[in-house]
Every structure is written in structure tokens, then in C-alpha cells.
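Step one of this worksheet: look at the structure below.
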Amino acid sequence: MEKFIEKLTKYHFISYLIPGGLIVFVEQFFLGISVLSDNTFINFCIIYILGLIASRIGAIIIEPFYKWTHIVSYADYSDFVKAEKIDSKIQDLLEINNLYRSILGTILFIGIISIYQNFSQYCVWIADHPLFITCIILFIVFSFAFRKQTSLIKKRVEANLESESEN
């Protein structure tokens, strides 16, 4: 477990473990849902995965919504790649920005859990099929996350090749 923890980056701690821990706390304290076990490694994985889910919700729901409503705007990606090479502080600012987005995703995720918990009392089918519903929702979330990540990789490759050809 120690070697696993050593390989985690600061980004993973900030963007996944903090939101995941917040989700577990809110679920237990406010919703009466306990997802932790007696196994420390399993608990770590649960918190990490819940944080990962919240982070992806932030990336594929919150971020596009904020861009669409012009609450936030981004620099051109090729400009970002060039600036990142010049100013190392941009990476730190980006990590903080991603934490805020993950916290927003966490809040939305907790809201979804609360709505599901309340709505399942009135709909027997939903109450009887929580695993199916969870799998469908997670499949959709991570399909969009995969698509977004692939797009970011492509943009970064193109920006680096463009930068290389200019030099």
C-alpha cells in the first residue's frame, strides 16, 4: 500500500481524495449511508473512486455548463501549452482550479445521491435496481470522461507539434 500511495501525485490527492473523503463524510453524517469497511485499503479505494467520480462529474457536467454560460472561459489550448512551458506556476493554478471543479462535482454528486435516495422511496423499480442504475450512470459519465480526455491528448499533441514546427 505504501508503494501505491507513493506513486500518487499531488493532483490525485487534491482532486480525488479530498472530494472522495467529503462524499464519505456527507453520506455518513447527513444521509446515514455508510460505505466504509474495516479494511484500510478498501476504504482508501472507495474514497479515491468516489473522488474520481466527482472529479469526472465536474469535468463533464460542471465545466461545459460553466463554459456554455460564460461563467468561465479558457485560453486557446496551444497558447496554454506554450505558456505552461514558460511559467511553472500555471500548473499549480490549474491544480487549484481542478480542485474547485472537483468540489463542485462533489456537491452535484451528493445532490444526485440524495435525490436518488429520496426518489427510490416512491419508485419500487428504482429501489429494486440500484446496481443497474449506478452502472448505467457511471458508464455514461466515464464514456464522456474518456472522450474528453482523448480530446485533450489530441489537442496537446497538436499544440506541441505546432510549437515544434514553429521552432
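General observations
- Net charge of neighbours whose Cβ lies under 14 Å from the Cβ of PHE142, counting Lys and Arg as +1 and Asp and Glu as -1: +3
- Nitroxide proxy distance, nm - points 7 Å out along Cα→Cβ at ILE86 and ILE133: 5.1
- Model label sites at GLN28 and PHE65, defined 7 Å from Cα along the beta-carbon direction, differ in position by 2.8 nm.
- Exposure rule at most 11 other beta-carbon atoms within 10 Å, DSSP loop chymotrypsin sites (Phe, Trp or Tyr not before Pro): the chain longest free segment: 75-121
- Charge tally in the Cβ shell below 15 Å around TYR66, where Lys, Arg are +1 and Asp, Glu are -1, TYR66 excluded: +2
- Accessible-area order (highest first, 1.4 angstrom probe) of the listed residues SER163, SER143: SER143, SER163
- Label-point separation in nm, PHE146 to SER165, each point 7 Å along Cα→Cβ: 3.0
- Angle of helix 130-166 to the longest C-alpha principal axis of the chain, folded into 0 to 90 degrees and rounded to 10: 10°.
- Annotated for the chain: lysine pairs at least 8 residues apart or interchain, Cα distance under 29 Å, count 29.
- Per residue, the solvent-accessible area of the chain (1.4 Å probe, heavy atoms of protein chains only, all protein chains present) comes to 68 Å².
- Largest-first ordering by accessible area, 1.4 Å probe, given options ILE115, ILE136: ILE115, ILE136
- Between the helical axis of 18-29 and the longest alpha-carbon principal axis of the chain there is an angle of about 20 degrees.
- From its DSSP helices (H runs of at least four residues, each -39,500 (n - 2.57)), the chain gives a residue-normalised ellipticity at 222 nm of -24500 deg cm²/dmol.
- Among the protein heavy atoms, those of HIS70 account for about 150 Å² of accessible surface (1.4 Å probe, every chain in place).
The values are calculated or read from the model by the stated rules, or taken from the named source; none is laboratory data. Just so you know, these numbers come straight off a predicted model, no measurement behind them. Cβ sites come from the backbone with ideal geometry, for glycine too, and all protein chains shown count toward neighbours. Note: accessible area is taken over every heavy atom of the protein model, side chains too, but ligands, DNA and RNA are not part of it. Shrake-Rupley method; radii C 1.70, N 1.55, O 1.52, S 1.80 Å.
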